[in-house]
Amino acid sequence: MGIIMANLKYGIMGGTFNPIHYAHLFIADEVKNIFNLDKIIFMPTGTPPHKNNLNIDAFHRYTMTKLAVADNCKFTVTDIEVLNQDVSYTVDTMKRLKSLHSDIDFYFITGADAILELPHWKNPEVLLSLCKFITVNRPSYGDDLEHKIKEITDRFGGEIFLVNGPELSVSSTQIRQRVKEGKTIRYLVPDEVNEYIIKNKLYIE
Ligand code: ATP
Ligand code: MG
């Protein structure tokens, strides 16, 4: 009788993370625990470079994400999309990840708003064949989210799991707005992220 080894299960938490905040970290940890994931990989999206070729914006978002996860050995950050000079489509990124790590099962983690956009992403049916999705319910997406998710898998196949987390209504938009207005964002983001934003004068205009 041989020893059967189960595949490793990694969660991929994609986002702009402009900046990363405690709701991102909370849902990643919640999903990790519920689905028994071995690791969560935070994957900041790239931004197509503007006139100069130096993408400050992506660099800051990536650095803040690194700072935010540094104290959790189950959390890591990948620069796979940040380093891409073009827009990265999730399906292409997942193809790359699967070809590099064919023995890992990937679970793409999203909030409710992001999963409802899935039909507009590139090749949803291919993407859903490469990884499973885990969606955490977000404020105001309430009751018919389950129904809407079923419509997506009926159309494209694959599996999307829905988790009802506590509703944390913090968003990056709100944080950028608060910084602009000179309000505190302490307790909305990790201290290291708060300090980084202040030191680099991010979001003040
Ligand atoms: P923005 O306000 O700029 O849209 P955001 O706070 O929504 O930013 P994103 O980087 O766009 O953050 O989101 C990354 C992922 O985290 C998405 O899947 C999004 O749905 C999810 N997410 C963000 N905030 C929350 C929240 N408060 N509760 C649950 N999921 C969230
Ligand atoms: Mg968003």
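Holding the Cα-Cα limit at 22 Å, pick out from LYS95/LYS132; LYS66/LYS122; LYS66/LYS148; LYS98/LYS150 the pairs that are longer than that. From the list (LYS95/LYS132; LYS66/LYS122; LYS66/LYS148; LYS98/LYS150), the Cα-Cα distance tops 22 Å for LYS66/LYS122; LYS66/LYS148; LYS98/LYS150. Annotation: ASP92 carries an accessible surface of approximately 60 Å², with a 1.4 Å probe and no ligand, DNA or RNA atoms counted.
Put a plus charge on the Cβ of each Lys and Arg, a minus charge on the Cβ of each Asp and Glu, and nothing anywhere else: the dipole of the chain about its Cα centre is then about 500 debye. Computed with every protein chain present, the accessible area of TYR107 is close to 20 Å² [probe 1.4 Å]. Over the range 88-205, Cα pairs under 8 Å with separation of 6+ residues give a relative contact order of 22 percent. Based on Cα contacts under 8 Å between residues 6+ apart, the chain shows a relative contact order of 23 percent. At a probe radius of 1.4 angstrom, the accessible area of the range 34-142 per residue rounds to 50 square angstrom. Computing FRET efficiency as 1/(1 + (r/R0)^6) for PHE161 and ASN123, where r is the C-beta to C-beta distance and R0 is 22 Å, gives about 0.60. Among PHE108, ILE41, VAL193, whose Cα sits farthest toward the positive end of the charge dipole of the chain (+1 at Cβ of Lys/Arg, -1 at Cβ of Asp/Glu, about the Cα centre)? Result: VAL193, furthest along the dipole toward the positive end.
Over the residues of the chain, the helix contribution to mean residue ellipticity at 222 nm works out to -11500 deg cm²/dmol, using -39500 (n - 2.57) for each DSSP H run of at least 4.
Length gained on full extension, ASN7 to GLU146, computed as 0.36 nm times the residue gap minus the Cα-Cα distance: 47.3 nm.
To put it simply, the accessible area of the range 1-157 at a 1.4 Å probe is 53 percent carbon and sulfur.
The slack in the chain from ASP79 to LYS98, taken as 0.36 nm per residue of separation less the alpha-carbon distance, amounts to 5.3 nm. Residues whose amide H lies under 5 Å from that of GLY11, counting only those 5 or more places away or on a different chain, are ASP38, LYS39, ILE40, ILE41, TYR107; hydrogens are built 1.01 Å from N in the peptide plane. Per-residue Karplus couplings for the range 161-172, computed as 6.51 cos²θ - 1.76 cosθ + 1.60 with θ equal to phi - 60°, are listed in order as 8, 10, 10, 9, x, x, 7, 10, 8, 5, 9, 5 Hz, Gly and Pro entered as x. Each 10 Å bin from zero holds the following percent of Cα-Cα pairs in the chain: 8, 32, 37, 18, 4, 1, 0.
Put MET5, MET64 in order of accessible area, highest first, and with a 1.4 Å probe you get MET5, MET64. The slack between THR16 and ILE56, meaning 0.36 nm per residue of separation minus the straight C-alpha distance, is 13.0 nm.
Between SER88 and GLY46, the built amide H atoms are under 5 Å apart, and every one of these is 5 or more places off in sequence or on another chain.
For the residues CYS131, CYS73, a 1.4 Å probe over the protein chains yields an accessible-area ranking, largest first, of CYS73, CYS131.
Summing charges over neighbours of THR45, with a neighbour being any other residue whose Cβ is under 12 Å away from its Cβ, gives -3 when K and R count +1 and D and E count -1.
The values are calculated or read from the model by the stated rules, or taken from the named source; none is laboratory data. Just so we're clear, the structure is a prediction, and the values are computed from it rather than from any experiment. Here the Cβ is made from the backbone with ideal geometry for all residues, glycine too, and neighbour counts use every protein chain on show. Heads up: the accessible areas ignore ligands, DNA and RNA and are worked out on the full protein's heavy atoms, side chains in. Shrake-Rupley method; radii C 1.70, N 1.55, O 1.52, S 1.80 Å.
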